[in-house]
Amino acid sequence: MGFYDTMIKYVGGIVRGIYRVTLVGKENIPPDTEDNAAPAYLLCANHQGLLDPFVIGATIRVKIYWMAKESLFRVPIVKQIIEAFGAYPVSRGTGDVGAIKKSVELLKNHKSVGIFPQGHRNPGIDLRRTEIRHGAGMMAFRAECDVLPVCIATKNRRLRPFQKTAILVGERIPFSELGLLEGNSESYRRATELVFDRICRLSEDYRSTQGWN
């Protein structure tokens with residue numbers, strides 16, 4: 001058993017237990033791209049808390065590469081844990097351009113990447129009221145990859161221990177449906193908005209079934 005598999009089995013199990021995680025849409029999770037060289041995809045999710053990548057990774061159990069601050073990799077124990085869950089360092093000075101280049105490189109090498117279109121955490125706020133950035137559209141265009149919409153759903157829209165957390169996995173969005181015919185800011189904006197709308201719908205449908213306002 002590799003280090004990643006060990007972390008998912010033991011640390012992932014602890015994470016799922018602490019956050020009382022329920023997985024919805026398991027049938028929509030593509031196979032691990034690193035195992036069979038299947039086409040990589042860009043996982044896009046809403047962002048509620050610092051541990052979102054860990055909760056998603058521990059739940060879907062497929063290795064996704066996430067951007068993380070370079071400073072986190074200087075702490076030995078933290079470095080091992082976040083690397084096991086697929087994190088890679090991004091230097092503050094490189095900005096979004098450096099992060100996007102690294103992500104596209106990973107995608108082209110059959111490694112799926114995770115990104116939060118909101119750019120930063122938005123705890124307690126309705127998804128429709130949050131702003132989004134358009135890097136997801138740019139990454140998908142440059143890598144010519146599909147997108148997997150994922151939503152973290154909690155009653156109060158905050159990721160907290162010992163409260164019910166649902167990881168909702170939507171249907172994979174083929175690259176051809178993203179409308180990325182041209183590599184410009186307008187097409188990136190439209191593609192990212194399409195993806196984020198799918199994430200919002202996952203949230204709204206699930207909240208409705210749970211009776212959450």
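The values are calculated or read from the model by the stated rules, or taken from the named source; none is laboratory data. In this text, all values refer to a predicted model and were calculated from it rather than measured experimentally. Positions of Cβ are backbone-derived with ideal geometry, glycine not excepted, and every protein chain shown enters the neighbour counts.
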Taking segment 120-161 on its own, how many of its residues are closer than 18 Å to L23 by Cβ and hydrophobic (A, V, I, L, M, F, W, C)?
6
For G124, work out the one condition from (1) touching a strand residue (DSSP E or B) at 6+ places or on another chain (Cβ under 9 Å); (2) modelled with pLDDT of 85 or more; (3) on the phi > 0 side of the Ramachandran plot; (4) of a type outside the set (F, W, Y) it doesn't fulfil.
(1)
Determine the pairs where a residue that is over 13 Å from Q163 (Cβ atoms) and small (G, A, S), located within segment 3-26, has a partner that is part of a helix (DSSP H, G or I) and modelled with pLDDT under 95 with Cβ atoms under 7 Å apart, the partner being 6 or more residues away or on another chain.
G12/A58
Do we have R20 as modelled with pLDDT of 75 or more and at positive phi here?
yes
Tell me, which residue of segment 103-138 that is over 23 Å from V55 (Cα atoms) and not in a loop (DSSP other than H, G, I, E, B) is farthest from the chain's Cα centre (by Cα)?
R129
Residue among G12, G93 that alone is modelled with pLDDT of 80 or more and assigned to a helix (DSSP H, G or I):
G12
Tally time: how many residues in segment 185-208 are under 24 Å from T165 (Cα atoms) and small (G, A, S)?
2
Quick check, is E171 free of Cβ contacts under 8 Å to residues at least 24 places away in the same chain and either crowded, with 16+ Cβ neighbours inside 10 Å or more than 13 Å from the chain's Cα centre (by Cα) (or both)?
no
Kindly establish whether K108 is among the basic types (K, R) and free of Cβ contacts under 8 Å to residues at least 24 places away in the same chain.
no
Could you pull out the residue among I125, I115 that is surrounded by fewer than 20 Cβ atoms within 10 Å (Cβ to Cβ), under 27 Å from K155 (Cα atoms) and among the aliphatic types (A, V, I, L, M)?
I125
So which strands (runs of 3 or more DSSP E) stay within segment 16-81 end to end and still have 2 or more residues that are buried (at least 20 other Cβ atoms within 10 Å of the Cβ)?
41-45, 65-69
Just one of (1) surrounded by fewer than 22 Cβ atoms within 10 Å (Cβ to Cβ); (2) touching a helix residue (DSSP H, G or I) at 6+ places or on another chain (Cβ under 6 Å); (3) polar (S, T, N, Q) trips up T192, so point out which.
(1)
